[in-house]
Structures are given as structure tokens and as C-alpha cells.
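Undergrad: Handing you this structure, nothing more for now.
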Amino acid sequence: MNKILIVEDEIAISDLIKIRLELLGYKCEVANNGEKAADFIEKNQYDLVLLDIMLPKVDGYELLDYIKQTFKIPVIFLTAKSQVKDKVIGLKKGADDYITKPFEMEELIARVQAVLRRYNKTEENIEIDNTTINIAARSVKKYDKRIDLTPKEFDLLVILIQNKNAALYREVIFEKVWGEELEFETRTLDLHIQRLRKKLDWKDKIKTVYKIGYMLEI
């Protein structure tokens, strides 16, 4: 399980990020100022730091210097400082990515996953009950028996896993898996969901969310 430190002085934002990432299976801790964040980093091991720039006591730039000089932890800046010069400063100091506020949670999640992959900090296998999903090998086993999925079924499974316990709109799922907008009513997605439920015996896990779409409930 990847462990993420959220360094953000706006409690509403830090709480929202924490809740959303924990729904995806990440373990998160929050520090609301730079000094507290430095203490956390000294005493704990983290796979990623989400870091605001404008912080009380110790600002984000100073904290980034400390992290990069002492620890090998990737850092993503989350900040309202949106000018190009601010991005350049952050990236030159060693930030691995830079996201300006306000941002969409889907974008944040995608960037978190990308940075963790870059540092090889993503888990090779995902375990859900007695089912093992290997993202890199695109393989699925249940009770050590291989489950044969089509490429689209596997892509659909990954999307559901990456957003587990969150309701996904049909249009969003369709665009992510098939790479195009859902412009008309089609049963393609529903048929793939039915096959996934049957092959994995996940009838109680892959939920239909009324008037929205689907959700993997773990």
C-alpha cells in the first residue's frame, strides 16, 4: 500500500484529497504546515508528497529543498501559484510535477499514479479477496487459477479498481476504455460489465449505480 503525505494548510482541500485517495487504497497523512511536515518526513516513510507552496512556518520551496537533499521521495506541487515562472522554479528545484489550483480530482489521481509508476512505487499485484490482478502482465488469477479476460474487459477492470468505492459515470468509463465519447445509447459497456461479473464472480462487488453508471465496492 502506497503511503502519501499531503502538506496543505487549507483543511477542506487536504481532507478532500485524503478521502479521495484513501478510497483508491492509498494510505494518507496530512500536515497543515511545513514544520509539521518536516517532522512527519523524519519519522515516517512515504512514497509521495503532495506539497503546497504557500505554507505557514516553512514554505513549500524550503521543504522541497529539505526533502530532495535528505530523502528520495517524489514530490508533486499543488498550488495556486499558476504563473510560468513559479512552475519553472518548482520544477528546477526538483518537483516531479506541478498542479495548479483549482484542479480536478481525476487529474490529480492520474498524476499521482504516473509519478508513482515513474519511481516504480506502484504495487505489482493488486489483491482483492482471492483475486490477484497484475497490471503490468495484464493477468488475473482467482484462487491461483487464470481468468481469461479480453483486452477491453481487462481495461474496464483496471478503471474500476483505480476508482474503487467511487461511482463512475457511464460516459467516463466508456471514454477511458474505448477512447471515444458515448454519443448514443449502447449496450457495449453493460455487456462487458456482465461478463466481468460472471468471470470473476463479482456480482456483489460490481454495483450498478442508478442513473450514473457502475462502482466497484470493496
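The values are calculated or read from the model by the stated rules, or taken from the named source; none is laboratory data. Just so you know, these numbers come straight off a predicted model, no measurement behind them. As a convention, Cβ positions derive from the backbone with ideal geometry for all residues, glycine included, and neighbour counts pool all protein chains shown.
Undergrad: Which ones in segment 168-183 are at pLDDT below 80 and either surrounded by 10 or more Cβ atoms within 10 Å (Cβ to Cβ) or under 19 Å from Thr208 (Cα atoms) (or both)?
TA: The answer is Leu182, and nothing else.
Undergrad: Among the listed residues Ile159, Ile212, Ile218, identify the single one that is over 28 Å from Leu116 (Cα atoms) and hydrophobic (A, V, I, L, M, F, W, C). Explain how you work it out, then say what you get.
TA: Working: Ile159 fails: over 28 Å from Leu116 (Cα atoms); Ile218 fails: over 28 Å from Leu116 (Cα atoms).
When all the criteria are applied, what remains is Ile212.
Undergrad: Considering each residue of segment 50-89, count those that are within 23 Å of the chain's Cα centre (by Cα) and among the acidic types (Asp, Glu), and give that number.
TA: 1
Undergrad: Same structure again: So, in segment 19-43, exactly how many residues are in a helix (DSSP H, G or I) and either modelled with pLDDT of 90 or more or not acidic (Asp, Glu) (or both)?
TA: The total comes to 14.
Undergrad: Also, quick follow-up: Anything in segment 53-83 that is of a type outside the set (Phe, Trp, Tyr), in a loop (DSSP other than H, G, I, E, B) and under 22 Å from Leu116 (Cβ atoms)? List them, or say none.
TA: Taking segment 53-83 first, the residues of a type outside the set (Phe, Trp, Tyr) are 53-60, 62-65, 67-70, 72-76, 78-83.
From the residues that got through so far, the ones that are in a loop (DSSP other than H, G, I, E, B) too are 53-59, 72-74, 80-83.
Result: Ile53, Lys72, Ile73, Pro74.
Undergrad: Something else now. Can you tell me which residue among Lys164, Lys199, Lys207, Lys152 is surrounded by 14 or more Cβ atoms within 10 Å (Cβ to Cβ) and closer than 17 Å to Glu106 by Cβ? Quick ask: steps written out before the conclusion?
TA: Working: Lys199 fails: closer than 17 Å to Glu106 by Cβ; Lys207 fails: closer than 17 Å to Glu106 by Cβ; Lys152 fails: closer than 17 Å to Glu106 by Cβ.
That would be Lys164, the only listed residue that is surrounded by 14 or more Cβ atoms within 10 Å (Cβ to Cβ) and closer than 17 Å to Glu106 by Cβ.
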